[in-house]
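Chemist: Before I ask anything, let me first share the structure, which is written out below as structure tokens.
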Amino acid sequence: MAELKTGLRGLLANPMLYVALQRLMGTDKECRSFVETYIKPSPGDSVLDVGCGPAELLRYMPDDLTYVGFDPNPAYIERARMTFGDRGTFFAKYYERSDVERLPSFDIAVLSAVLHHMNNEEAQHLFGLLRQSLKPGGRVVTL
């Protein structure tokens, strides 16, 4: 069973396979619904997406917002850059304290399919960073 998980995880590290599998599973509707129902970005908002993967959520957001995505998989980030160009700013790294200090504050922070990869201490640390990253009245949206 561990070999299957490792093999599948290895395959899903490839952004083309990941996106193809997501589309095959019909997640386009779920992504659109997640954005429209829970994230609810408005034109002019600034959105921080931690664990953005290939940034497919950006596909369902208004064109005139500021989007910043972080993911530790460089292949996912390269796919996001190729797909969305200058619609977003993408970083192939974990979100860290230095990022909080150098980036402007955000209206919305998104954690989509991220928390299950973290232990409690890591999640608590990340939420602390997000608290510092948000504008007054800003919010965190998780899935």
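Chemist: May I ask you to evaluate 6.51 cos²θ - 1.76 cosθ + 1.60, the Karplus curve with θ = phi - 60°, for each residue of region 127-132 and list the ³J(HN,Hα) values in order in whole Hz, giving x for glycine and proline?
Modeler: 4, x, 5, 5, 4, 6
Chemist: Let me ask something additional. Subtract the Cα-Cα distance of ARG139 and THR89 from 0.36 nm times their separation in residues, and report this length gain in nm to one decimal.
Modeler: My answer for the length gained is 16.0 nm.
Chemist: Listed highest first by mean packing, meaning other Cβ atoms within 10 Å per residue, what order do 75-82, 47-54 come in?
Modeler: 47-54, 75-82
Chemist: Which far-off residues, 5 or more places away or on another chain, put their amide H under 5 Å from the one on ALA109, with H placed in the peptide plane?
Modeler: Amide H to amide H, under 5 Å and 5 or more residues apart or across chains, ALA109 pairs with LEU48, ARG139, VAL140, VAL141.
Chemist: To the nearest 0.05, how large is the calculated FRET efficiency for THR37 and ASN119 if R₀ is 25 Å and r is the Cβ-Cβ distance?
Modeler: 0.30
Bear in mind that the values in this text are calculations on the coordinates, not laboratory data. What you are looking at is a predicted structure, and each value in this text was computed from that prediction instead of being measured. Please note: Cβ atoms are built from the backbone with ideal geometry, for glycine as well, and neighbour counts cover all protein chains shown.
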